[in-house]
Every structure is written in structure tokens, then in C-alpha cells.
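> If you scroll down you'll find the structure; I have some questions about it.
The values are calculated or read from the model by the stated rules, or taken from the named source; none is laboratory data. What you see is a predicted model, and the numbers here were worked out from it, not measured in a lab. Using ideal geometry, Cβ is built from the backbone for each residue, glycine included, and neighbour counts are taken over all protein chains shown.
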Amino acid sequence: MSALIAYRGVGKVFPGVVALDDVSFSVAGGEVRALMGENGAGKSTLLKILAGEHRPDSGGLLVEGRPVAFASPRDSQAAGIAIIHQELHLAPDLSVTENLLLGMMPTRFGIIDRRAARERARAILARLGEEIDPDARVRTLSIGKRQMIEIGKALARDARIIAFDEPTSSLSARETRTLMRIIDDLRRDGRAILYVSHRMEEVFEISDSVTVLRDGRHVADYPDMKALTQDQLIIAMAGRTITDIYDYRARPLGDVAVAVSGLEGPGLRAPLSFEARRGEILGFFGLVGAGRSELFRLIYGAVPSTGGDVLIHGEPLVSADPRRAIAAGLALCPEDRKDEGIVPLAAVAENIALARRNLLGRPLIDERDEGTQAADLIQLMRVKTASPATAIATLSGGNQQKAIIARWLAADSRILLMDEPTRGIDVGARSEIYAHMYRLAEEGRTILFASSDMPEVMGVADRIIVMREGRVAGIVPRADATPDRLLRLALPDASTGQS
Ligand SMILES: Nc1ncnc2c1ncn2[C@@H]1O[C@H](COP(=O)(O)OP(=O)(O)OP(=O)(O)O)[C@@H](O)[C@H]1O
Ligand SMILES: [Mg+2]
């Protein structure tokens, strides 16, 4: 196997941060190489250099043994490289077809051949196993579908070198299976694949080899994934052992804190009922599109319900009024934190303080108190930032997430609705988030969290509500939760679950 792509002594500095320091490794045709490291280790920066978005300050890249210097993303594409970015790069107001074939729409007699374009888009969607209308605006698609379109763009370009930056963070179990199959095909076809993910199971399944980064430095290289254990990999990444990332702690439950009865509204296909107690961590599992996010938004009042009640400690919540929901002690940590969560140009500390400010109201804010709390949380959650005053937009993807989670931990809410709380967060930080969740529950708070990561739901929740197509497909106590049972309830074609 010869190297299709090689990094040679690559260095990159941002104001106040050494993002990469003398990194060298290569990927051969037919090889899937995982790139692992904690949040802020430099993975995305490495891929952005490959994509021609950043220029290295030192060292460089070789493509098939020849040095290249990309002045722009166009140069990178011309060299046969495609990147699936951590943050989606789609044009929301263009159609699926236009996004898939951006910059390479087929033409006939000098004008765009829409029919040919649509056919090509259909073929790509079929390969992705997706039933998406090629004419649909991307804006109307779920995050999971958008992610699949992003992957389709790389397939459309027929690139020889493909890099995936956390491609599965918003994919369902089924979509993830499809992606694993596609990557395997690409490998067989002799392409070089770079794969970035925080999900261990996935990395061990799909990769042949792994390069580990820590604080921008290349700390380890394992040519054979089969000779490596998960523990060894975690030690290489984090510099410490984490024996059980979930480390579940049972706790006594109090009286009913949230009672949802016969709730109806957009995204739900049948009236929905359940209860959650003080001290309880209730997991919501399901495929992307099962209605979990919609349910959370209904409970919170972000969208109006069309029937049923939500009782918080026995008091009915007025529908479609998030202000009163907040006053009643609810907090919603949304799934799409990129769009709904962060204030990009504001400081990290300010982003963390936001929810608490809303709760207390301006006159009660003690800025010094706030600053101390933000600083504590930055340290506790290991948010990698030059300072609390740094604009949050310059942080790595995972570190932005950590800051947003910190916001909800700071908010002092009695009932937390967390939608995919650990997406894109490294193993070490995830175990810290779980510990926070247990602590909050031990204090008598109630946590409802939605996750598509099955090991996580099984590892953390006291009870699991499995949703399928806008309905409750089953409620499974922790002791009875097996992967088989959860999947059977979640999958649309196996309608054996009780409701
Ligand atoms: N445009 C930028 N301006 C300033 N600093 C940046 C910029 N891009 C990245 N950094 C910094 O470079 C470091 C590496 O970031 P990078 O995004 O490569 O990390 P990562 O390994 O992809 O992390 P994650 O797992 O969280 O996605 C971080 O400290 C980050 O704050
Ligand atoms: Mg990244």
C-alpha cells in the first residue's frame, strides 16, 4: 500500500493557541485511519488544512508522494479530496440536488440539465439508502438527513481521499449502519479515508489504524486497530484511565415532578403520556425523527400543543409559554446547539451565564458571582479556551458544546430537558457530564434526556422511553434494557412493542 495522503511536520498556530505542532502521518489507499483526541486536540484543524481552508504555518502535505500547497478549497477538491465537515456546509435554501452537485451541475447545450442532475442526485440518495425528494429544500430536512446529504456530496465528487469529521453525531442507528457500509465500500475501492469520531464502538468497527493527538501533538500511532484495546486508546487520548465512563449511581426517587397526559401536537402521532419523578433520569431513545425533540419542545412550550396537559409538581403548565415554563423550573438544552444554543461572538463566560440570567432577571445578577461560577464550570468541564473572555465561536466543536452544557448545569433548573447532551463530546468530558447529571438528580432534580447513542441511554438512564414515529413504543426499566429490546421497539418494521 502506498500513501495517498501524507502530513509532514504540520504546524498551525491561532492567536493564543498552538493548534498543531509538528504532526506527521499518512494514509494509504484502501486504509481507514481514525484520528482521535480530546476536544480541542486539533483534529478539525488537520482536516481543514487538507480541505484548503487553513494553510499550515510549517510543514505540508503530500498527495501520492508529491508536495501540494492548497491556496483554496477549490485546489483541494481538484486534487481529489472531499471533506465532510463537523459543522454542516449546506446551502439551506437550495434543493437537495443542487447541494449534492454544487459546482458540478450537468449541463446540456450550455444550460443546466435539471433532469440529468435529478437522476444523478437520485442515484446518490439510493446509495445512501435515503428516500429524500431531490427537489426538497435542504432547510426542510432534519439534521440527520442534512448530514446524509453532506456525505452524499463526497460521493458525488468521487473523491480518492475522503475525510469525515464526526459524521455520525446526528445520525440514527440505521443511518450509522448505512454509513459504515459505504465507508467499507470506499475502502475496498482503494480510497484513503480519514475518520474522526468520539464514538469508540464505531471507531473500532470501521478503522484499520489510528493516529492520536493531544494538545496539537501527535502522541501515538497504532497501525493495527485489532491489536489495540479501548482502554489503551483512552489512555493515549486522555493521559489517564477511565474505567467506566457511565459509572451509574442509583438513587432514591421522590414524588412525581412531571406528569404528561394525553399530550398532542406537531411531531406526535398519538396522545402521549408519561411521568417522571424527582431524582429521576429518564432517557428517551429512538431513531432520529422519532419525535423526541418535538416532545421536548412541546413540554417546554416552544411550540403550542393541541391537546393534553403537562403538570409540573401538580401545577398545569400553560401551553406555548416558555417564559412560564422557565419560571416553573424547566430548562431546555436544544439539539441544534449550533443554531439555537450559542451566541457566537459573545464570550465563553457570557454564554455560560445566559440561562441563569434569564432565570434570575437582570436586577439580581451579581457579575462577580457569575464570573466565578463561569470560571469554575470552565475548569470543571475542562472547556479548552484561552480565557473566559474568548469569543465562543473560536472554540473547537466539542468545547462549544461543553460550554452550552455548563450553561444548563449553572441554571439551577428543577427539570432539565436535554436533547443529545453529549453529541461531539470526548469520552473524558462525557463521563464528567454524566457525573453532573447524577449529582443534579441526587439533589432532587429531574432530567429528561434524549439520545440516539444506545450505550449512553442504557448506561445513564433509570428508565427508558422508546419512541417510534411520534409515539411511545415502550417504557423499559433500566434492569430490562438490552440493545436488542431497545432496537426492536425503535425500528419501524418491527411493530411488536406495547404502547
Ligand atoms: N479559527 C480559529 N481561531 C482561533 N482558534 C482556533 C480556531 N480554530 C481552532 N482553534 C483552536 O485550535 C484548537 C484545536 O481545535 P480543533 O477544532 O482542531 O479541535 P478538535 O480536535 O477538532 O476538537 P473537537 O473534538 O472539539 O471537535 C482549539 O484550541 C481551538 O480553540
Ligand atoms: Mg473538531
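> Looking only at residues that are out of contact with any Lys or Arg (no Cβ under 7 Å at 6 or more places or on another chain) and under 15 Å from Met200 (Cα atoms) in the range 166-177, which one is surrounded by the fewest Cβ atoms within 10 Å (Cβ to Cβ)?
Result: Arg177.
> Give the residue, chosen from Gln373, Gln379, that is farther than 29 Å from Val258 by Cβ and either of a type in the set (Val, Ile, Thr) or surrounded by fewer than 23 Cβ atoms within 10 Å (Cβ to Cβ) (or both).
Numbers: Gln373 fails: farther than 29 Å from Val258 by Cβ.
Being farther than 29 Å from Val258 by Cβ and either of a type in the set (Val, Ile, Thr) or surrounded by fewer than 23 Cβ atoms within 10 Å (Cβ to Cβ) (or both) holds for just one of Gln373, Gln379, which is Gln379.
> If you don't mind, another one. Checking Glu280 against (1) surrounded by fewer than 21 Cβ atoms within 10 Å (Cβ to Cβ); (2) within 15 Å of Ile475 (Cα to Cα); (3) in contact with a Leu (Cβ under 6 Å, 6 or more places away or on another chain), which test does it fail?
Just one mismatch for Glu280, condition (1).
> Let me ask something else about it. From the list Val27, Val17, which one is among the aliphatic types (A, V, I, L, M), over 21 Å from the mean Cα position of the chain (by Cα), more than 9 Å from ligand 1 (Cβ to nearest atom) and surrounded by 15 or more Cβ atoms within 10 Å (Cβ to Cβ)?
Val27
> Return a yes/no flag: does the range 38-60 have any residue that is out of contact with any Gly (no Cβ under 6 Å at 6 or more places or on another chain) and more than 16 Å from ligand 1 (Cβ to nearest atom).
So far as the range 38-60 goes, yes, one or more of its residues are out of contact with any Gly (no Cβ under 6 Å at 6 or more places or on another chain) and more than 16 Å from ligand 1 (Cβ to nearest atom).
> If you don't mind, another one. Looking for something away from ligand 2 (no atom under 16 Å from the Cβ) and over 28 Å from the mean Cα position of the chain (by Cα) - is there at least one such residue anywhere in the range 85-105?
For the range 85-105, residues away from ligand 2 (no atom under 16 Å from the Cβ) and over 28 Å from the mean Cα position of the chain (by Cα): present.
> Counting only residues that are at pLDDT below 95 and not polar (S, T, N, Q), which one in the range 1-18 is farthest from ligand 2 (Cβ to nearest atom)? If you could, list the steps in order and put the result at the bottom.
Quick first cut of the range 1-18, residues at pLDDT below 95 only: 1-3, 14-18.
Next, from what is left, pick out any that are not polar (S, T, N, Q): 1, 3, 14-18.
Numbers: Met1: 27, Ala3: 23, Phe14: 13, Pro15: 18, Gly16: 18, Val17: 13, Val18: 16 Å.
Selected residue: Met1.
> Quick one: Leu332 ticks every box in (1) at pLDDT below 90; (2) surrounded by fewer than 16 Cβ atoms within 10 Å (Cβ to Cβ); (3) assigned to a strand (DSSP E or B) except a single one, so which number is it?
Unmet for Leu332, out of (1) at pLDDT below 90; (2) surrounded by fewer than 16 Cβ atoms within 10 Å (Cβ to Cβ); (3) assigned to a strand (DSSP E or B): (2).
> Now, a different point. Of these, Ser451, Ser413, Ser431, which one is over 30 Å from Arg214 (Cβ atoms) and either surrounded by fewer than 21 Cβ atoms within 10 Å (Cβ to Cβ) or away from ligand 2 (no atom under 16 Å from the Cβ) (or both)?
Numbers: Ser451 fails: over 30 Å from Arg214 (Cβ atoms); Ser431 fails: over 30 Å from Arg214 (Cβ atoms).
Of the residues listed, the single one that is over 30 Å from Arg214 (Cβ atoms) and either surrounded by fewer than 21 Cβ atoms within 10 Å (Cβ to Cβ) or away from ligand 2 (no atom under 16 Å from the Cβ) (or both) is Ser413.
> Quick one: Ala435 ticks every box in (1) under 28 Å from Thr168 (Cα atoms); (2) within 13 Å of ligand 1 (Cβ to nearest atom); (3) of a type outside the set (S, T, N, Q); (4) modelled with pLDDT of 85 or more except a single one, so which number is it?
It is condition (2) that Ala435 fails.
> Further, regarding this structure: Can you tell me how many residues within the range 30-50 are more than 21 Å from the chain's Cα centre (by Cα) and either within 16 Å of ligand 2 (Cβ to nearest atom) or acidic (Asp, Glu) (or both)?
Final tally of qualifying residues: 3.
> Does the range 185-193 contain at least one residue that is exposed (fewer than 15 other Cβ atoms within 10 Å of the Cβ) and either on the phi > 0 side of the Ramachandran plot or in contact with a strand residue (DSSP E or B) (Cβ under 6 Å, 6 or more places away or on another chain) (or both)?
Going residue by residue through the range 185-193, those that are exposed (fewer than 15 other Cβ atoms within 10 Å of the Cβ) are 185, 188-190.
Subset that is either on the phi > 0 side of the Ramachandran plot or in contact with a strand residue (DSSP E or B) (Cβ under 6 Å, 6 or more places away or on another chain) (or both): 190.
The answer is yes, given that some residue of the range 185-193 is exposed (fewer than 15 other Cβ atoms within 10 Å of the Cβ) and either on the phi > 0 side of the Ramachandran plot or in contact with a strand residue (DSSP E or B) (Cβ under 6 Å, 6 or more places away or on another chain) (or both).
> Moving on to the next point. So the check is Cβ under 6 Å with 6+ separation or different chains; which pairs have a first residue in the range 38-56 that's at positive phi and a second one that's away from ligand 2 (no atom under 13 Å from the Cβ)?
That search, which allows pairs on different chains as well, returns Gly52/Phe70; Gly52/Ser72; Gly52/Pro73; Gly52/Asp75; Gly52/Ser76.
> Residues that are under 16 Å from the mean Cα position of the chain (by Cα) and of a type in the set (Val, Ile, Thr): does the range 112-121 have at least one? Steps first, answer last, please.
As a first pass, look at the range 112-121 and keep what is under 16 Å from the mean Cα position of the chain (by Cα): none.
Within the range 112-121, none of the residues are under 16 Å from the mean Cα position of the chain (by Cα) and of a type in the set (Val, Ile, Thr).
> Given the structure, is Ile235 closer than 30 Å to Gly11 by Cβ and in contact with a Gly (Cβ under 8 Å, 6 or more places away or on another chain)?
It is false that Ile235 is closer than 30 Å to Gly11 by Cβ and in contact with a Gly (Cβ under 8 Å, 6 or more places away or on another chain).
> Output yes when any residue across the range 100-122 is crowded, with 19+ Cβ neighbours inside 10 Å and touching a residue at least 40 places away in the same chain (Cβ under 8 Å), and no when none is.
Yes, the range 100-122 has at least one match.
> Taking helices (runs of 4 or more DSSP H) that do not extend beyond the range 117-234, which have at least 1 residues that are assigned by TED's automatic domain parsing to the domain that holds Met105, over 28 Å from Leu94 (Cα atoms) and modelled with pLDDT under 90?
Per the criteria, 200-206.
> Out of all the residues in the range 441-454, which are outside any loop (DSSP other than H, G, I, E, B) and touching a Leu at 6+ places or on another chain (Cβ under 7 Å)?
From the range 441-454, those outside any loop (DSSP other than H, G, I, E, B) are 441-442, 446-451, 454; that's our starting set.
Within the range 441-454, Ile447, Leu448, Met454 meet the criteria.
> Here's something else I'd like to know. Give the residues of the range 298-311 that are crowded, with 21+ Cβ neighbours inside 10 Å and not small (Gly, Ala, Ser), sorted by residue number.
Leu298, Ile299, Tyr300, Val310
> If you go through the range 62-72 one residue at a time, do you hit one that is near ligand 1 (Cβ under 10 Å from one of its atoms), at pLDDT 95 or above and of a type outside the set (A, V, I, L, M)?
The answer is no; no qualifying residue exists.
> Could you check Gly397 against (1) at pLDDT 85 or above; (2) out of contact with any Cys (no Cβ under 7 Å at 6 or more places or on another chain) and say which number it fails?
(1)
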